[in-house]
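**Student:** Dropping a structure here in structure tokens format, bear with me for questions.
The values are calculated or read from the model by the stated rules, or taken from the named source; none is laboratory data. All figures in this text were calculated on a predicted structure; none of them were measured in a lab. Cβ placement follows ideal geometry from the backbone for every residue including glycine, while neighbour counts extend to all protein chains displayed. Note: accessible area is taken over every heavy atom of the protein model, side chains too, but ligands, DNA and RNA are not part of it. Shrake-Rupley method; radii C 1.70, N 1.55, O 1.52, S 1.80 Å.
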Amino acid sequence: MGGKGKDIDDTKDWTKANEDCIGAIDGTEVSAWALASKHIPFRNRKQNLSQNVLVACSHDMLFTFVCAGWEGTTHDTRVFVNAILSNRVEQLSFPMRSTGKYYVVDAGYPNIPGFLAPFRGQRYHSRDFIGRHQPKGKEELFNMRHSSVRNVIERSIGVLKKRFAILRDMPNYPLRKQRYIPKACCTVLEAKKDELFEEGERENEQEFDDTEATSYGSNEEHVTFDMSQTAEMAQVRDEIATSLWTSYRQKRKSKKKVSKN
């Protein structure tokens with residue numbers, strides 16, 4: 001498949017990502033239908049009725065986890081905590097990481113063992129580094145690489161929504177049944193992933209915009225985590241950032257020497 005390994009191959013300097021990063025996680029909204037008396041919790045910021053869906057995928061765009069059914073107004077952090085970190089039923093099916101392994105997540109999620117978030121307050125999206133706007137420090141370089149690796153989940157979600165109109169316009173099914181539709185769509189997509197993904201990637205390539213790829217906590221709910229957990233993953237992030245920056249500067253110096261000669 002054309003997308004297999006693309007994000008990792010584009011960031012070869014991120015050696016730890018190649019070894020320890022097992023996929024990406026993100027939340028997305030799909031269409032929902034509800035009785036007028038229940039519209040408020042399902043009405044999102046764009047005033048559309050939606051349900052909040054949490055998905056995880058591998059680097060070859062294979063969906064490995066889907067948690068659907070949350071109201072559109074629900075914070076991404078709440079969905080994440082309840083689906084993955086709490087003792088809810090969904091946790092039983094989540095492909096939890098082995099020690100040292102992690103998923104890349106956006107800045108709206110916690111930076112704790114198993115989940116690697118970018119640096120806040122720094123440039124992130126790939127378009128921010130076009131032309132002469134190159135990374136000015138290890139945090140920005142890390143974010144640029146992180147964005148590239150995490151792009152696989154955005155592409156996967158884009159293809160999913162493109163291929164299934166029901167996710168964009170939900171019929172008046174009972175709410176208890178609507179939560180199963182995103183999971184069913186992911187299952188069908190995986191069954192025909194070579195055919196549908198390649199077609200969907202071509203159609204989605206020109207339309208993809210990472211403007212909404214990272215909210216930087218705009219849809220974040222305050223959740224307290226153990227300080228030792230955040231400190232542990234902050235150290236991992238800093239080590240990767242330092243390694244990336246060192247390699248980046250060495251390559252730039254080498255290019256300058258070649259150009260002078």
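**Student:** Determine if the stretch 155-174 includes at least one residue that is modelled with pLDDT under 95 and closer than 30 Å to Arg252 by Cβ.
**Tutor:** Yes: one or more hits.
**Student:** Within the stretch 89-104, is even one residue open to solvent by less than 40 Å² (accessible area, probe 1.4 Å), assigned to a helix (DSSP H, G or I), closer than 30 Å to Met227 by Cβ and modelled with pLDDT under 90?
**Tutor:** Taking every residue of the stretch 89-104 in turn, at least one turns out to be open to solvent by less than 40 Å² (accessible area, probe 1.4 Å), assigned to a helix (DSSP H, G or I), closer than 30 Å to Met227 by Cβ and modelled with pLDDT under 90.
**Student:** Continuing with this model, one more query. Could you grab me the full set of residues in the stretch 207-261 that are open to solvent by less than 60 Å² (accessible area, probe 1.4 Å), in a helix (DSSP H, G or I) and modelled with pLDDT under 80?
**Tutor:** Hit for the stretch 207-261 is Asp210, nothing else.
**Student:** Okay, next question. Can you pull out every residue in the stretch 66-82 that is part of a strand (DSSP E or B), within 24 Å of Asn111 (Cβ to Cβ) and open to solvent by less than 10 Å² (accessible area, probe 1.4 Å)?
**Tutor:** Once the filter is applied, which keeps residues that are part of a strand (DSSP E or B), within 24 Å of Asn111 (Cβ to Cβ) and open to solvent by less than 10 Å² (accessible area, probe 1.4 Å), the stretch 66-82 yields only Cys67.
**Student:** If you don't mind, another one. If you scan the stretch 116-133, which residues turn out to be within 19 Å of Tyr102 (Cβ to Cβ) and either surrounded by fewer than 13 Cβ atoms within 10 Å (Cβ to Cβ) or out of contact with any Asp or Glu (no Cβ under 8 Å at 6 or more places or on another chain) (or both)?
**Tutor:** First, pick out the residues of the stretch 116-133 that are within 19 Å of Tyr102 (Cβ to Cβ): 116-120, 124.
Correct list: Leu116, Arg120, Tyr124.
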